[in-house]
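Step one of this worksheet: look at the structure below.
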Amino acid sequence: MSDHQGVLQNRWGHLRKVLERPGPFSHPEFEPSSEILDFIMTTCKVLVIGAGGLGCELLKDLSLMGFKQIHVIDMDIIELSNLNRQFLFRHEDIGSSKAEVAASFINRKVKGCQVTPHYCKIQDYDETFYRQFHIVVCGLDSIVARRWINGMLISLLNYEDGTLDQTSIIPMIDGGTEGFKGHARVILPGVSACIDCTLDLYPPQITYPLCTIANTPRLPEHCIEYVKIILWPKENPWGTAIDGDDPQHVTWIYEKSLERASQFNIAGVTYRLVQGVVKNIIPAVASTNAVIAAICATEVFKLATSCCVPLNNYLVFNDVDGIYTYTFEAEKKENCLACSQIPQTLSIPDPDIMKLKNLIELFCDSAAFQMKNPGLTTYVNGKNKTLYISTIKSIEEQTRDNLNKTLLELGLQDGSEVMVADLTSPNVLTIRLKFPNKNVAS
Amino acid sequence: MSSPSPKSPEQNDKNKKYDRQLRLWGDHGQKLLESSKVCLINATALGTEILKSLVLPGIGAFTIVDGEKVTEEDVGSNFFLDEFHIGTSRAQAATETLLELNPDVRGDYIDDFPDHVMSQTQDFFNHFNVVIATALPEKVLMPLSKQLWSANIPLLVCRSVGFLGYVRLQIREHTVIEAHPDNEAPDLQLDRPWPLLREHLEQTDVPNLGTKERSHVPALTILYYYLQQYRNENGGLLPKTYSDKEKLRNMIRDSLPNENDILEENYEQAVKLVNVCVNCTRVPNHIQKILDDEFCTNLTSESSPFWVICAALREMVQSEGALPVRGSLPDMAADTTSFISLQQLYMRQAQSQAESIYRRAMQISRALGQSPDSISETEVKLFCKHASELQVFRGNCVADEYQTSSPSASLHLEDPESLMFYYVILRGLESFISEYNTYPGQFDDHVEPDVLKLKTLIGKLLTDWGCPTLVISDDRVHEVCRYGGAELHSVSAMLAGCTAHEAIKLITHQYKPINNTFIYDAITSTSATFVL
């Protein structure tokens, strides 16, 4: 960095004005000095999760806002359809790691910036990795991943005699976009609303009833789902699962969908639509990603420097009709699954009828849990008992029969604790079952 | 298993690259984008970030006009300028770096100041689809604004200072066919079914259907049946009030043979449709206004296709009393045949109406002496499908706004939280630059005296507008002087994303542009839009 010291004075002149001068709207604790810029340049470590549409923008924005100690994590490789907005990638980068290409681009372009790439899943690292950061920024398109990192940052909180140790808080800034809409939010884990506190803000994914798909299709989407869900497993043309990136697969689905659509006189099956349904494509443009990432980066800068009060705590954006932003305070949920510290209880009205598979369905379908693939264990007479785990084949086979047993048959009682592990959190959730009193149940 | 036949329309590379945006503005939007020419005045961080979000989605070409040389501070805030560019032409450096983003886009530059360019080549800026200006001094903005106003070229003026920013759109007239509204009620026209639709709907004796048939009949057919029954019982009138509609909803709910039966999905949907789908079909006010517009009623040979098609639409509305039917149905629980036959009825009606509007528009266009290919059938179809979303924007000239007192600005100054204050302060800042040739607070030891100077200039503006000068808080003026003209990258990047999408709206004629001044306050992460 030493050979750039000569230009540093002027190069960061923009930031110096804001950081070295007092302002009427700065944070009450803000004390202007040159040390703040030193802090963000040498000490402050920021983790960017995702090197896609938002991630590329975030890396650029943060590096030009003076941050130099940046890590970026992304498990994906670069595809052609990324190039309309992920501006750190070129045609020749297709097939390479997003994190690695993005990091080396920024390091080349912004002298002195040290972006460290991690070409892996967020779940591949444990708390020792995440603990090193001052601030985490997310540019993700997956709710599951958001909930997981949210849970991770919550698990890093220290409580002493029930009081939160403020130094254990790692702020999380979350951005998201879809078409011309987006959001940016600031989460202070344990203090303000977290991802799980506001789960009901995420709309459930559209699914079509199986009987419609099988018997009474009306939309082109129904025909595509038919090929995807019913025809593919039956004919299995390549002996593998569907790969939405394999043009042969998509073409096969397209042709079969077209066939089915013409049988039923349904118009509108196009290659683009087929691809969209198969890959669950979310439309995206450069401009919305630029806006949301920039708002997130501004919030990182505010949090790291205290030069302004941070966003409290949720902003939504939409530029279909003019340019619209709305800022509000999302509320912390008193009994939040992830951040409330309150033991969760679940009332089961009919433990003699409810089967284990119904309980698992409840964890997946209810708006409060929205789990993906929960594994359940419990204690019966002081001994650990696995109820059902689908992710490990041998255990799945051993516990499969439990699915059709009722909760009572499995030895669960009023007050039993069920430990639930799921993709949506790095932490195991303990749920205390509440059964009606015995007279009614029997 | 046989291998897939090669005839499938597997997408080409360009479609793949732009796939995520083609799903939004379609191939026709992309085509307009790819033939567009955009001019950027001043390759500031804000300016290059705007172009970035236009080059990536693939505009045809851009031109940068900038007479400045790259400084160290530029490199600190502008991603498209490097250390080795310091001292060289900013226009050239930015052009070369931006072109690396997308090989489909052409770009060139003029290493000269915009006022000089204007005086050299009078109509230089008239050859673009959009002109975007950043950090433009008032004395250049005034003539540019006037010139583009008379040439009817849209102008986007933007500024980013510290945690503040603004975007101003100047446009004389802009028409939109596809506004892409978020929620739109289905267009069923059940109050005035055309003969084929009525005949079709009346074939179904809804209450006497068997159990199986009943669960397969589309909500629309159910709704029509009970709407007719309601009208028979109520002197032919449509349900208007909440209680009228509740009466109709109850007729549907109570129609099940067995009281304990839960309402089937299609009946449930029919109940839900009552609120939005049994109203009297009429031409929305904002559309009627467009049809009565002088541009629609007094066509000339210069009239754009939009207005020619509007005139044809107007004649149809006059004879039919309604807009052409949209031609699409929401999905409804039903068996395939009943749903598809209904869907096709709507689609065919829409097609035949669009065809007759197309024929009429062609006649009108020919009578005006326009070229025979000025109206395309595809455009007319699109137009008819979106006839209830049409938009016409008429803005005003920035130069006029600066030269006359601005009562609409003062309207908002009574609210102490209004972001309009920053508009006034930014106007003051522009006067400051004109007067002292520097930003207020640019030098560390000038902040306090500059606060006083800026306050004086703002006071003068407010007096000119007839507003009390006390309305602007000292804190806000002080904050702007603190910035000393600093351009914070992330604030510029936010404004740039917004501005780029405004340019895309203007080029594609889709979505509604801002009307007409957007102010962003990154201190509180809020924004507001004002009509000035």
Rounded if a/c under 1.5, otherwise prolate or oblate - the protein assembly as shown, Cα gyration tensor axes: oblate
Accessible surface ranking that places the most exposed of A:410, A:429 first, with a 1.4 angstrom probe: A:429, A:410
Helical mean residue ellipticity (222 nm; -39500 (n - 2.57) per DSSP H run of 4+; nearest 500) of chain B: -15500 deg cm²/dmol
Chain lengthening between residue B:184 and residue B:68 when straightened (0.36 nm per residue, less Cα-Cα): 36.9 nm
Carbon/sulfur fraction of accessible area - chain B, other protein chains in place, 1.4 Å, %: 49 percent
Crossing angle, helix B:305-320 versus chain B [Cα axis fit, 0-90 degrees, rounded to tens]: 30 degrees
Convex hull volume per residue for chain B, taking Cα atoms only, in Å³: 225 Å³
Pairwise centroid distance, computed over Cα atoms, of region B:355-427 with region B:205-242, Å: 42 Å
Relative contact order, percent, region B:398-483 [alpha-carbon distance under 8 Å, six or more residues apart]: 32 percent
Computed label-point distance, nm, for sites residue A:335 and residue A:126 using a 7 Å Cα→Cβ extension: 3.3 nm
Sequence-separation-based contact order of region B:195-277, relative, with Cα cut under 8 Å and 6+ spacing, percent: 34 percent
Those chymotrypsin sites (Phe, Trp or Tyr not before Pro) in region B:385-458 that DSSP places in a loop and that have at most 15 other beta carbons within 10 Å: B:443
Sequence of B:348, B:482 from largest to smallest accessible area, 1.4 Å probe: B:348, B:482
Aspartates and glutamates whose Cα lies under 14 Å from that of residue A:98, excluding same-chain neighbours fewer than 8 positions away: A:57, A:74, A:76, A:79
Accessible area of residue B:139 in the full protein assembly, 1.4 Å probe (Å², nearest 10): 150 Å²
Distance violations [Cα-Cα > 30 Å] among B:14/B:385; A:121/B:16; B:245/B:381; A:393/B:16; A:383/A:405: B:245/B:381; A:393/B:16
Normalised per residue, the volume of the convex hull around the Cα set of chain A (Å³): 194 Å³
On Cα atoms only, tilt of B:336-367 relative to the major axis of chain B in degrees: 60 degrees
Solvent-accessible surface (1.4 angstrom probe) belonging to residue B:294, in square angstrom, nearest 10: 130 Å²
Mean Cα-pair separation over length for region B:266-356, i.e. relative contact order, pairs under 8 Å, 6 or more apart, %: 26 percent
Candidate lysines - alpha carbon under 28 Å from residue A:17, same-chain residues fewer than 8 apart omitted: A:45, A:60, A:68, A:109, A:111, A:302, B:52, B:69, B:139, B:453, B:455, B:460
Solvent-accessible area per residue for the protein assembly as shown (1.4 angstrom probe, square angstrom): 42 Å²
Separation in nanometres of the label points that stand 7 Å from Cα toward Cβ, at residue B:414 and residue B:465: 1.5 nm
Residue A:434/residue B:247 FRET efficiency (R0 45 Å; Cβ-Cβ; nearest 0.05): 0.55
Nearest-0.05 FRET efficiency for residue A:384 and residue B:445, computed from C-beta distance (R0 60 Å): 0.25
Highest-MSF residue in chain A out of A:218, A:108, A:185 [GNM, Cα springs under 10 Å]: A:218
222 nm mean residue ellipticity, helices alone, for chain A (DSSP H n ≥ 4; -39,500 (n - 2.57); rounded to 500): -9000 deg cm²/dmol
Label-point gap, in nm, between residue B:436 and residue A:346 - each point 7 angstrom along Cα→Cβ: 6.6 nm
Projected-area average for region B:398-483 over all orientations - Cα convex hull basis, square nanometres: 5.3 nm²
Accessible area in the full protein assembly, largest first, 1.4 Å probe, for B:127, B:28: B:127, B:28
Rg/Rh (Cα only; Kirkwood hydrodynamic radius) as it applies to region B:195-277: 0.95
Neighbourhood net charge (10 Å Cβ-Cβ; Lys/Arg +1, Asp/Glu -1) for residue B:513: -1
Protein accessible surface hidden between A and B, which excludes ligands and nucleic acids, total in Å², probe 1.4 Å: 7700 Å²
Span-rule helices in chain A, defined as complete DSSP H runs reaching 27 Å or more along the axis (Cα) with Kyte mean at least 0.0: A:286-305
Helix B:138-151 vs. chain B, principal-axis angle (Cα, 0 to 90°, nearest 10): 40 degrees
Gain in span if fully extended, residue B:194 to residue B:328, counting 0.36 nm per residue against the direct Cα distance: 46.7 nm
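The values are calculated or read from the model by the stated rules, or taken from the named source; none is laboratory data. This one's a predicted model, so the numbers in the text were calculated from it and none came from an experiment. All Cβ positions, glycine included, derive from the backbone under ideal geometry; neighbour counts span all protein chains shown. Only protein heavy atoms, including side chains, enter the accessible area calculation; ligands, DNA and RNA are left aside. Shrake-Rupley method; radii C 1.70, N 1.55, O 1.52, S 1.80 Å.
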